[in-house]
Amino acid sequence: ALRLYLDESRSLDVLPEAGTLACFVSAEFAHEVLPASRDRLSLTGWFRRRSDNIL
């Protein structure tokens, strides 16, 4: 499961279910992956945009 810390007193667990996609700004939410009892796969990526300021 993925645990997102929403603030000092609240967290949200996202369970690994087929068809589930979790997208969040990782710099804004403390998070962790909880221990698994079987093999798992994960995919991590970043969305970026080019700066409007070209040298």
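Every number here is computed from the coordinates shown, using simple stated rules; none is lab data. Since we're looking at a predicted model, the values are computed, not measured. Every residue, glycine among them, receives a Cβ derived from its backbone with ideal geometry; neighbour counts consider all protein chains shown.
Residue-wise, which Karplus ³J(HN,Hα) couplings in Hz belong to segment 14-26, taking 6.51 cos²θ - 1.76 cosθ + 1.60, θ = phi - 60°, and x for glycine or proline?
Karplus-based 3J(HN,Hα) across segment 14-26 equals 9, 7, x, 10, 4, x, 9, 10, 10, 10, 7, 7, 5 Hz.
Take the Cα of Leu41, step 7 Å along the line toward its Cβ, and report every residue of segment 8-26 whose backbone nitrogen sits under 19 Å from that point.
15-23
So, counting K/R as plus one and D/E as minus one, what does the shell of residues with Cβ under 15 Å around Ala30 add up to? Write down the numbers at each step before the final one.
Numbers: positive: Arg3, Arg10; negative: Asp7, Glu8, Asp13, Glu28, Glu32.
My count for the surroundings of Ala30 gives -3.
Using a Gaussian network model of the chain with C-alpha springs under 10 Å, which one of Leu34, Leu43, Leu21 is most mobile by mean-square fluctuation?
Leu43
When Val25, Val14 are ordered from fewest to most other Cβ atoms inside 10 Å of their Cβ, what list results? Please list the in-between numbers first.
Working: Val25 7, Val14 15.
Ascending number of Cβ neighbours within 10 Å: Val25, Val14.
I'd like to know which of Phe29, Gly45, Leu6 lies farthest towards the positive end of the charge dipole of the chain, counting +1 on Cβ of Lys and Arg and -1 on Cβ of Asp and Glu.
Gly45
With +1 assigned to the C-beta of every Lys and Arg and -1 to the C-beta of every Asp and Glu, and no other charges, what is the dipole magnitude of the chain about the Cα centre in debye, to the nearest 20?
Numbers: 7 positive and 8 negative charges, 54 e Å.
Here the chain has a charge dipole of around 260 debye.
Would you report the distance distribution of C-alpha pairs in the chain as whole percents per 5 angstrom bin, up to the bin with the largest distance?
4, 13, 24, 20, 15, 9, 6, 5, 3, 1, 0
Taking amide H atoms as placed 1.01 Å from N in the peptide plane, list the residues 5 or more away in sequence, or in a different chain, whose amide H sits under 5 Å from that of Ser11.
Leu6
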